[in-house]
Amino acid sequence: MTYLVTGGAGFIGANFVKYILNKYTDCKIVILDKLTYAGNLGTIKKELQDKRVSFYKGDICNQELVENIFMNHDIDVVVNFAAESHVDRSIEDPGIFLKTNILGTQVLMDAAKAHWTKGKNAQGYPVFTEGKKFLQVSTDEVYGELEKDIPDGRTLEVVSEVLKSVLNDRKVMPKVFGTEFFTEETPLKPRSPYAVSKTAADMLVRAYADTYHFPVNVTRCSNNYGPYHFPEKLIPLIIKNILSGEKLPVYGDGRQVRDWLYVEDHCKGIDLVINKGRLKEAYNIGGFNEELNINIVKQTIDIVRDLIFENKVIKPEYKEIVSVNYDDCSYDLITFVKDRLGHDARYAIDPAKTVKELGFYPETPFTEGIRKTIKWYLENQWWVGEVASGDYQKYYEQMYGNR
Ligand SMILES: NC(=O)c1ccc[n+]([C@@H]2O[C@H](COP(=O)([O-])OP(=O)(O)OC[C@H]3O[C@@H](n4cnc5c(N)ncnc54)[C@H](O)[C@@H]3O)[C@@H](O)[C@H]2O)c1
């Protein structure tokens, strides 16, 4: 199968490229990425050497480039990760979000539609070559926010037999902070410019399915975390600041609730939707890991402290990268800052449809995923350093500058 992965140098896209290359020996992957501040070729340095991978630096809004890619490669599946993805930036400057996230999706779909059409049926609908699919990576933010009517959370009572069967091996049952959840039928009510741009793209993709019978799926996932996450997002930012003993900025009172999904579980979910998802359908991909932001920060401090110190002394292997003392590595680092405008109170996904239809299961409980993530950051400070200094941009010049 040949995949076109847009945004493949970003956080989730790069993890997906690694996941697919590992899982399918006979795949081919074409990556299209504009390498904005969030795209990092260093993340996929090894993968770029793989014969199965081709890389194009460019914009998904560039119709000529996108058409050329379809002419040069027999693309079977488009996985559209490319997006402006940071809510705070969308509040500062919405324009680029609308352009990339909506118009870019349209350009990709038009090129795929033109190349995958093999004729017309009696009613005038295009007929597409078998096995082609456009997968739009959307977000749970399209649904807006949920009430946080259980402010301190309580253990999830699983009534559905399907969910019971997949949650059976969890040692600690997930917490919930409200009585309502997003299902695929929940009306879309986005509340930030970012969420609106993703909603417009999500609806456009499904409109192409209705209007042209274009073969699509949409996935809507919760907050991802894991290796290679750009350090402006909550978890990597917190890890980076703890290691250097800097303050940990937390919005408002820190009592917003998010559902955390380990990025590799997300990649597994997307792979299932590509292979088993019914055309035209949207699928929620959630982590069964609702938690207050402030508790995420506290757990991260606890685990970093546990991993880097032995008898209150920094372990030798971390001496180079840690500049905080044992006593200062505490909740006192937390500082509450002015809340984000229009900050959504709670997101929580009901993944029952994806579990039931596709056998999806987010295997990684937060306590395990956050430990793996922190260990990865401790062992890969070179990556954080490159991102922070902008050095990763040199890879492009080194690898592609003279070609
Ligand atoms: N990270 C999350 O928690 C999360 C949650 C829900 C949904 N999503 C969605 O998943 C997708 C990937 O998210 P991420 O966190 O990996 O984002 P990211 O910001 O880390 O990566 C985005 C990638 O897209 C590239 N890009 C941006 N504009 C482009 C353009 N015009 N043309 C080509 N490439 C472009 C960037 O260079 C970067 O490599 C996005 O569509 C996002 O909306 C993310």
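Just so it is clear, none of the values below were taken in a lab; they were calculated from the coordinates. Computed from a predicted structure; not experimentally measured. A quick note on method: Cβ atoms are made from the backbone with ideal geometry, for glycine too, and the neighbour counts reach across all protein chains shown.
Label separation (Lys356 vs Phe336): 4.1 nm, computed from points 7 Å beyond Cα along the C-beta direction.
Each listed q (0.15 Å⁻¹) maps to a log10 I(q)/I(0) for the chain, found by the Debye formula over equal Cα scatterers with no solvent: -1.52. For the chain, a Gaussian network of Cα nodes joined below 10 Å ranks Lys312, Lys57, Lys18 by mean-square fluctuation, and the top entry is Lys312. Give me the base-10 log of I(q)/I(0) for the stretch 293-379 at each q in 0.16, 0.17, 0.25, 0.26 Å⁻¹, Debye formula, one uniform scatterer per Cα, rounded to two decimals. Log10 of I(q)/I(0), two decimals: -0.83, -0.89, -1.28, -1.32. Across the stretch 346-353, computed HN-Hα scalar couplings (Karplus, 6.51 cos²θ - 1.76 cosθ + 1.60, θ = phi - 60°) run 8, 10, 8, 9, 9, x, 3, 4 Hz from first to last residue, x flagging Gly and Pro. The distance from the alpha carbon centre of the stretch 253-274 to that of the stretch 12-67 is 21 Å, rounded to a whole number. Whole-Hz Karplus values for the stretch 243-258 come out as 4, 9, x, 8, 4, 10, x, 10, 5, x, 9, x, 9, 6, 10, 10 Hz, taken residue by residue from phi with 6.51 cos²θ - 1.76 cosθ + 1.60 and θ = phi - 60°; glycine and proline positions read x. For the chain, a Gaussian network of Cα nodes joined below 10 Å ranks Phe288, Phe336, Phe128 by mean-square fluctuation, and the top entry is Phe336. Each of Gly131, Ala207, Ile296 was scored by the projection of its Cα onto the charge dipole of the stretch 2-400, and the greatest displacement toward the positive side belongs to Gly131; charges sit on the C-beta of Lys, Arg, Asp and Glu.
Taking a ≥ b ≥ c as the square roots of the eigenvalues of the alpha carbon gyration tensor, the stretch 149-259 is oblate, as a/c is not under 1.5 and a/b does not beat b/c. The stretch 281-307 and the stretch 173-199 have Cα centres separated by 17 Å.
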